[in-house]
Amino acid sequence: LAAEDYAPLFKCRKPSMLVGLPRQAKTLAVVSEMWFAHAKRINHYKNPRYLLKEKQRFTKNVLKYIGDRPITKLDLEDIVRTFRHCWGREATCDRAMATLRHVLRCAVNRGYCTIEKMMLLNPALLKFELGKRCDVTQPRPALAVHEIPQFMQALREKVGVKYRLLEFQILCVLRGENARCLKWQQVFLKPSPEVSYLLFPNEELKIPGNGN
């Protein structure tokens with residue numbers, strides 16, 4: 001495994017165990033590809049769609065700013081500049097930061113940088129540099145009960161797939177991702193609507209349970 005520059009247990013493998021391997025400078029983008037490839041092998045994200053979504057989110061929020069930066073030269077200024085644009089979007093920022101931790105841990109365990117780089121993501125340090133975080137994203141307020149019929153009628157008059165998808169999602173009480181990715185093989189229509197149902201694999205649920 002060491003000869004192939006592959007560390008299966010990031011938390012246990014130490015850089016000193018891989019000293020015989022070549023250590024050319026790697027950019028953050030290159031190391032992130034290593035991490036996502038490893039995450040796919042170990043099924044870290046449970047679902048391939050989640051892996052793709054996380055990769056897209058990391059590219060948009062991190063690699064766009066510092067992807068071509070050699071990982072040995074990453075400093076606090078780079079981290080602050082990267083997360084300043086999404087600091088007010090708490091969920092997006094936290095997910096991107098969690099993935100960056102995985103990528104840096106991958107780099108440390110493969111010997112591409114020292115463990116001090118992990119300290120760049122110290123929450124207290126970032127809070128000091130970026131200030132108190134206020135989530136700028138606000139959920140859309142719920143409709144009043146008496147407004148629902150009017151809203152659904154207006155929705156049905158709209159033309160387009162996205163409007164039919166929203167209507168379907170509302171009527172079936174589905175999460176957005178489950179509605180968008182639904183396949184016909186998961187739809188079981190019966191003569192009586194009361195006994196028709198949708199079947200979701202366990203790995204597609206936000207909180208996996210036991211069975212479908």
Taking the stated definitions as given, is LYS190 at pLDDT 90 or above and either loosely packed, with under 10 Cβ neighbours inside 10 Å or over 26 Å from TYR50 (Cβ atoms) (or both)? no
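Any idea how many residues of region 43-59 are part of a helix (DSSP H, G or I) and without any contact (Cβ under 8 Å) to a residue 40 or more places away in the chain?
Of the residues in that region, 8 qualify.
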Scanning region 60-77 for residues that are surrounded by fewer than 16 Cβ atoms within 10 Å (Cβ to Cβ) and assigned to a helix (DSSP H, G or I) gives LYS60, LYS64, THR72, LYS73, LEU76, GLU77
Filtering region 82-115 for residues that are charged (D, E, K, R), assigned to a helix (DSSP H, G or I) and under 17 Å from THR27 (Cα atoms) leaves a count of 2
Go through region 53-110 and give me each residue that's within 19 Å of LEU125 (Cα to Cα) and aromatic (Phe, Trp, Tyr). PHE83, TRP87
Please go through region 9-42 and pick out each residue that is open to solvent by 40 Å² or more (accessible area, probe 1.4 Å), part of a loop (DSSP other than H, G, I, E, B) and modelled with pLDDT under 75. LEU9, LYS11, CYS12, ARG13, LYS14, VAL19, GLY20, PRO22, ARG23, GLN24, ALA25
Among (1) under 27 Å from GLU177 (Cα atoms); (2) more than 17 Å from the chain's Cα centre (by Cα), ALA107 falls short only on (1)
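Right, GLN169: surrounded by 14 or more Cβ atoms within 10 Å (Cβ to Cβ) and part of a helix (DSSP H, G or I) or not?
yes
The values are calculated or read from the model by the stated rules, or taken from the named source; none is laboratory data. These numbers were taken from a predicted model, which means no experiment stands behind them. When we count neighbours, we look across all protein chains shown, and the Cβ atoms used for this are built from the backbone with ideal geometry, even at glycine. Note: accessible area is taken over every heavy atom of the protein model, side chains too, but ligands, DNA and RNA are not part of it. Shrake-Rupley method; radii C 1.70, N 1.55, O 1.52, S 1.80 Å.
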